[in-house]
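Throughout, read-outs are computed from the coordinates displayed, never taken from laboratory work. Since we're looking at a predicted model, the values are computed, not measured. All Cβ positions, glycine included, derive from the backbone under ideal geometry; neighbour counts span all protein chains shown.
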Amino acid sequence: MERVHFHYEADREILKGVDLSCPAGTYTALVGTSGCGKSTIAGILMGRNRGYSGTITINGQPHSKINESSLMSHVTLVTHNSYLFQGQVADNLRMGKPDATDEELWAVLKKVNLDGFLKSQQGLGTTVQEKGGNFSGGQCQRLAIARALLHDTPMYIFDEATSNIDVESEELIMNVIHELAKTRTVIMISHRLANVVQADRIYMLKDGTVAEQGRHEELMNRNGAYYELYQYQSGMEQYAAEQQEKVVNA
């Protein structure tokens, strides 16, 4: 991605000449506060946000020349509110791979630690209400991750995939993402910097531009925008943990 500009409205530019490089087989993180352009980049890469200027290539091919079906077979997007439709668990999973065997379904469910729960229900035939209304937020997201793993594409984009879920599910999903990053190209978009410290390269976005880039240790040593945000978040999380401990011990 070179010198990419994008706007939803003519008088409000969202991306202002963004340069990003995500080599095949690497784990890249996009971070920054809300409104900095992280999810806009995901939308562009998935072909949802059209009308950008600049240059984007995927595997050496111009992004603008890649048709939708080819793009979908090469890139999988997982968002914080991945959609689950009414039916059975197996039906939802096979959206990722229609010819998947039951053994393959159970294998991905085990990776996201849903196999035990579903075996206590009706297994692969467990009913899923529209939008996963009968599952917890963490269970919905883990089921969406399992479906994404079945899709088995060279590149994965996780856009705030661990937002608004329980701590146990967040930790489990991050473990799955780290394991996936060993064999696939992964782009992790997150507002929570603690989730990206293992990335090969971190891009800190601010007001539609790349403010800083580098590995976690490098960015922390610069004492810049990334350092300040990381320190602020760490302090807030420590305070929240202390308050929770007081409640438990009260």
Taking Thr55, Thr126, Thr101 and counting other beta carbon atoms within 10 angstrom, the fewest-first order is Thr101, Thr55, Thr126
Roughly speaking, what is the centre-to-centre gap between segment 96-125 and segment 8-66 when only Cα atoms are used, to the nearest Å?
-> 34
Just for segment 2-216, what percent of DSSP beta bridges are antiparallel, to the closest 5?
-> 45
Checked segment 2-216 against the a/c 1.5 cut and the a/b vs b/c comparison, axes a ≥ b ≥ c from its Cα gyration tensor; verdict prolate
Cβ density ranking, 10 Å radius, fewest first, applied to Met174, Met220, Met204 yields Met220, Met174, Met204
So between Tyr239 and Ser70, what do we pick up on full extension, going 0.36 nm a residue minus the alpha carbon distance?
-> 56.2 nm
Once you sort the root eigenvalues of the Cα gyration tensor of segment 169-250 as a ≥ b ≥ c, which label holds: rounded (a/c under 1.5), prolate (a/b larger than b/c) or oblate (the other case)?
-> oblate
Quick one: compute the contact order of the chain, relative version, from alpha carbon pairs under 8 angstrom and 6+ residues apart, as a percent.
-> 27
Give the shape of segment 91-250 as rounded, prolate or oblate, defined through the alpha-carbon gyration tensor: a ≥ b ≥ c are the square roots of its eigenvalues, a/c under 1.5 means rounded, and otherwise the shape is prolate if a/b is larger than b/c and oblate if not.
-> oblate
Residue of Ser34, Ser69, Ser136 that the Gaussian network model of the chain assigns the largest fluctuation, springs spanning Cα pairs under 10 Å = Ser69
From fewest to most C-beta neighbours within 10 Å, the residues Arg50, Arg222 line up as Arg50, Arg222
